[in-house]
1. What is the set of long-range amide H partners of E127 at a cut-off below 5 Å, with H atoms built 1.01 Å from backbone N?
2. Quick one: if you stick a label point 7 Å off each Cα along the C-beta vector at N21 and R161, how many nm between them?
3. Would you tally the net charge around Q148, using a Cβ to Cβ cut-off of less than 12 Å, leaving Q148 out, and scoring K and R as +1, D and E as -1?
4. For the pairs K58/K118; K43/K130; K63/K118; K17/K132, note any where the Cα-Cα span goes beyond 20 Å.
5. What distance in nm separates the two pseudo spin-label positions at K154 and K58, each 7 Å out from Cα along the beta-carbon direction?
6. With θ taken as phi - 60° and the coefficients 6.51, -1.76 and 1.60, list the Karplus ³J(HN,Hα) couplings across the range 60-74 in order, rounded to whole Hz; mark glycine and proline as x.
7. Would you please give the FRET efficiency between E50 and E101, computed as 1/(1 + (r/R0)^6) with r the Cβ-Cβ distance and R0 = 41 Å, to the nearest 0.05?
8. Going by average Cβ density within 10 Å per residue, which order do the peptides 121-132, 60-71 take, highest to lowest?
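Every number in this text was worked out from the coordinates using simple rules, so none of it is lab data. Owing to the predicted nature of the structure, the values given are computational and were not obtained by experimental measurement. Don't worry about glycine lacking a Cβ; one is built from the backbone with ideal geometry, like all the others, and counts go over all protein chains shown.
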Amino acid sequence: MAELTNSFEDMYKAHYKQLRNASENIIGDHEAAHDLVQEVFIKLWGKRDELHVILNLKAYLFKSVINASITYLESNKGKVRLGELKIESGGRTDSGLLTKELESKIQSALNSLPAKCKAIFILSRFENLKNKEIADCLGLSLKTVENQMGIALKKMRDDLRPYFQKEFFSLIFFSLISFLIKFIIFF
């Protein structure tokens, strides 16, 4: 039993931080993400006799945490927000208000996405997972992930369309533009 406990503790130490970060990026709450990951490990401990059946433990843990995060989003709709977005202003004082406004609009656009769509978008753009990896982690088809990303990107573009105007770009700085390009425009 001590050997099983030690290996479980090693597994926890090896995966906890990455799982908590993924959950926190999805639900935007550090403490809730910690609790969700803890619950996943507690459930796994309860199934410790079945661990030998799990072929890819990391994928199993990741999928469990993502699903728990999606469930959390769905049950706390309207109360959840993504963690603070930080966009560098490049030292320009005239862009500070525009930056704050854009951060707020991006936050709002992300929060308006359906829970699973938001999770897929965040896994792609914030966790840098490929569509195939997301599909494998969530047990979805690649086509479903691609469709959800398409929905998310269209919604984000539509919600943020005013910020793609020439007048806005003339006031804004390079790092903000590259942020928008990375997370909104390109797949």
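1. Close amide H contacts, sequence-distant or interchain: none at all.
2. The modelled label-to-label distance comes out at 3.6 nm.
3. On the way: positive: K116, K118, K143, K154, K155; negative: E146.
With Lys, Arg at +1 and Asp, Glu at -1, the net is +4.
4. On the way: K58/K118 22 Å; K43/K130 28 Å; K63/K118 15 Å; K17/K132 22 Å.
Beyond 20 Å between Cα atoms: K58/K118; K43/K130; K17/K132.
5. That separation, rounded to one decimal, is 3.4 nm.
6. Working through the residues one at a time gives 4, 5, 4, 4, 4, 5, 4, 5, 5, 5, 5, 4, 4, 4, 5 Hz.
7. Working: r = 51 Å, r/R0 = 1.23.
Result of the calculation: an efficiency of 0.20.
8. Working: 121-132: 18.1, 60-71: 21.1.
Answer by packing, highest mean first, reads 60-71, 121-132.
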